[in-house]
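Here's the structure we're looking at; comments come further down.
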Amino acid sequence: MSTRPPKIMNYILLLPGLLVIAFFLVIPLLLTVVISFMQEFSFTNPIFTVENYIEFFTSPQTPTILANTFGMSLLASLVALLVGYPAAYFMTFRIKSIKTRNLIISLLLVPFLIDWNVRTIAWIPILGESGIVNYLLQYFNIVHQPVSLLFSRWTLIIIWLQSNLLFMIFPIYLALSRIDPDLINAARVLKSPPHRVFYEIIFKLSLPGVIVGLTFVFVNTLGDYITPSLWAGGIQVLGLSVANFAANFVWPYAATQSTVLILISLAVLVILFKIVDIKKLVE
Amino acid sequence: MKIPDFLVKTYIAIIILIIYLPLVFVVLLSFKSGANISFPIERFTLDWYLKPPTGYEYAAYVSLFHDRQFFAALRNSFTVSIVVALMAMALVTITALAFRRRMAGRNFLFYLFLLGFLTPGVTVGLGVNFLFRLLNLPFSFWSAALINVIYVVPFGLILMMARFDPNLLFYEQAAAVLKAPPLMIFRRITLPLIIYEVISAAILGFLLSWGEVIRTQFAMKGIGTLSTFINTQLGVNPLTPKWYAAGTLISAVSFLGFLVFAYLLTRTVRQ
């Protein structure tokens, strides 16, 4: 058809984005993999070895680090899903006015403007030993000594929930609002019980959004080593270990751990994307 | 079985409360007298904002408006985030438009774009660090901005692609049949129909890069952006209400900036 712009035009439009991705993502990741097999970070006289991987997988700390890293991120994603799904559902099906919906979305966005660090230290006056929760507990004589609420794994989950909830709510909301209301009405007219309408139609059609939300939270928390190091009572996570070795200029070992981190997270994502085709969300 | 309205409202209120809880306490603590972060607050003061410095106190005790480094970092943050927002807006728009049609390698290219947020921050940061070391390139404003661009583009892309008007392609083809030049089609037909997604892409770019610490920390030099600056400060200095004052100021100013930015953008594009 002569009215359609030639296909080459599409590739030209993609070019600027691909260039940035090549330089700031693809080449850096490939380089990381190469360096992970080196003895020293030196390309003038490179010595290749698998020593780094042997060291990582035989280290007695590795199982704990891996369990912490992926366990906490997985838990954070599931908690965010449990809290976020009903919110997205109510916003789509129970709030009729578009204006109110947009207002709620804008309201959810505003706290993102607080600085990331400040958002983290904001929890000290809430959950700290002289924070408001402990103050109230003692005021009402529920406890007599301040209880340690900070620096536990659940604190980390709460903080991650607050900072990641929007990443969960938004894709689910997007998926839910694309469901044709006629499908739901048809099922109701045909006397399908409510739980089946929900599961067979609403939930199944919202799955791409659920998967995207889970992915957002999972990857975001996986890459965040600062919050766990500050708030989770010093639990070791893989990202923190990478940052520590990088800060001490032990480049190849940092690269090895970084490679393991991305390989395992990509494996998890491939499995998720195999279950549900997330491209349905954008087509 | 229908969930009663008041439960729905309560639930949404609780969600908003969770999201806002930190902000409320940041504002409260910023007016607290004394250096301890503790409850109850006995006396409120503006000291952490305004008190003139004596010249002998540690950085953590210098009031906010007299801290020059803080303002330098604030300016860096603004420029980085605005540049990220504009670049993300342009990239998201052209990329999303290109992805509408079937073409060889489309799926692969789409996932390649998604990789920007599918890769943990520390991995990207380390890799970019390696590349710059290898090529002997200095880190700059642009490296800090671009490392954020690849992180924010996927969000805008998903948002825009999910909301394309199904008839958009037909309208464009109709205009093309009537011999409208491509740029005119874009300005008069495509852009007005996707303008909210274009603006959302810019806003997302601004917000996400504004809060980014890990990627930015690996790809910047000097004082860095606000997030990286405060992160360094908190590592070496004691925690005082000053940082809560900083949080309050940042939220207030950037909220206003965010409104003005969105308003200007809507206006210029509509004309």
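The values are calculated or read from the model by the stated rules, or taken from the named source; none is laboratory data. The structure displayed is predicted, hence computed values, not measured ones. Neighbour counts are summed over all protein chains in view; Cβ atoms, including those assigned to glycine, are modelled from backbone coordinates with ideal geometry.
Can you tell which of B:Ile214, B:Ile195 is facing another protein chain (nearest Cβ under 9 Å) and not hydroxyl-bearing (Ser, Thr, Tyr)? When all the criteria are applied, what remains is B:Ile214. Looking only at the stretch B:50-89, residues that are surrounded by fewer than 16 Cβ atoms within 10 Å (Cβ to Cβ), touching a Pro at 6+ places or on another chain (Cβ under 9 Å) and of a type outside the set (Phe, Trp, Tyr) come to 1 in all. Filter the stretch B:78-131 for residues that are among the β-branched types (Val, Ile, Thr) and more than 30 Å from A:Asn248 (Cβ to Cβ) and give the result. B:Thr79, B:Ile82, B:Val83, B:Val84, B:Val92, B:Thr93, B:Ile94, B:Thr95, listed by residue number. Does A:Ser59 satisfy the condition of being more than 25 Å from B:Val153 (Cα to Cα), exposed (fewer than 15 other Cβ atoms within 10 Å of the Cβ), over 20 Å from the mean Cα position of the chain (by Cα) and more than 13 Å from every other protein chain (Cβ to nearest Cβ)? Criteria met by A:Ser59. Could you tell me which residue of the stretch A:70-125 is farthest from the other protein chains (Cβ to nearest Cβ), considering only residues that are among the basic types (Lys, Arg) and assigned to a helix (DSSP H, G or I)? Among those that are among the basic types (Lys, Arg) and assigned to a helix (DSSP H, G or I), it is A:Lys99. Taking (1) touching a residue at least 40 places away in the same chain (Cβ under 8 Å); (2) away from chain A (no Cβ under 13 Å); (3) hydrophobic (A, V, I, L, M, F, W, C) in turn, B:Leu50 satisfies each apart from (1). Of all positions in the stretch B:100-108, at least one carries a residue that is more than 7 Å from every other protein chain (Cβ to nearest Cβ), more than 29 Å from A:Ile179 (Cβ to Cβ) and at pLDDT below 90. All conditions but one from (1) within 8 Å of chain A (Cβ to nearest Cβ); (2) over 25 Å from B:Ile250 (Cα atoms) apply to B:Thr93; the one that does not is (1). For the stretch B:207-218, the criterion of being assigned to a helix (DSSP H, G or I), touching a Ser or Thr at 6+ places or on another chain (Cβ under 6 Å), over 30 Å from B:Ala59 (Cβ atoms) and modelled with pLDDT of 85 or more is satisfied by no residue at all. Within the stretch A:67-91, the residues that satisfy the criterion of being crowded, with 16+ Cβ neighbours inside 10 Å and closer than 28 Å to A:Phe57 by Cα are A:Asn68, A:Thr69, A:Phe70, A:Met72, A:Ser73, A:Leu74, A:Leu75, A:Ala76, A:Ser77. Just so you know, in the stretch B:1-48 the residues that are more than 19 Å from A:Glu129 (Cα to Cα) and among the acidic types (Asp, Glu) include one that is surrounded by the fewest Cβ atoms within 10 Å (Cβ to Cβ), and it is B:Asp5. Would you say B:Ala252 is crowded, with 22+ Cβ neighbours inside 10 Å and either at pLDDT 80 or above or under 20 Å from A:Ile121 (Cα atoms) (or both)? No. Checked across the stretch B:233-254, the condition of being closer than 28 Å to A:Thr221 by Cβ and under 12 Å from the mean Cα position of the chain (by Cα) holds for at least one residue. Residues in the stretch A:123-133: is at least one touching a residue at least 40 places away in the same chain (Cβ under 8 Å), under 30 Å from B:Leu91 (Cα atoms) and surrounded by 17 or more Cβ atoms within 10 Å (Cβ to Cβ)? The answer is no; no qualifying residue exists.
Only one of the listed residues (A:Ala246, A:Ala187) is among the small types (Gly, Ala, Ser), surrounded by fewer than 21 Cβ atoms within 10 Å (Cβ to Cβ) and modelled with pLDDT of 85 or more. That residue is A:Ala187. In this structure, does A:Ile226 turn out to be more than 9 Å from every other protein chain (Cβ to nearest Cβ) and surrounded by 14 or more Cβ atoms within 10 Å (Cβ to Cβ)? So A:Ile226 does not fit the description; no.
Restricting the stretch B:119-153 to residues that are assigned to a helix (DSSP H, G or I) and more than 20 Å from A:Thr32 (Cβ to Cβ), the residue that is farthest from the other protein chains (Cβ to nearest Cβ) is B:Phe141. Does at least one position in the stretch B:182-190 carry a residue that is within 21 Å of A:Val212 (Cα to Cα), without any contact (Cβ under 8 Å) to a residue 60 or more places away in the chain and in contact with a Phe, Trp or Tyr (Cβ under 7 Å, 6 or more places away or on another chain)? No - not one qualifying residue is present in the stretch B:182-190. Annotation note: of A:Ile8, A:Ile65, the sole residue that is more than 9 Å from chain B (Cβ to nearest Cβ), over 22 Å from A:Met168 (Cβ atoms) and free of Cβ contacts under 8 Å to residues at least 24 places away in the same chain is A:Ile8.
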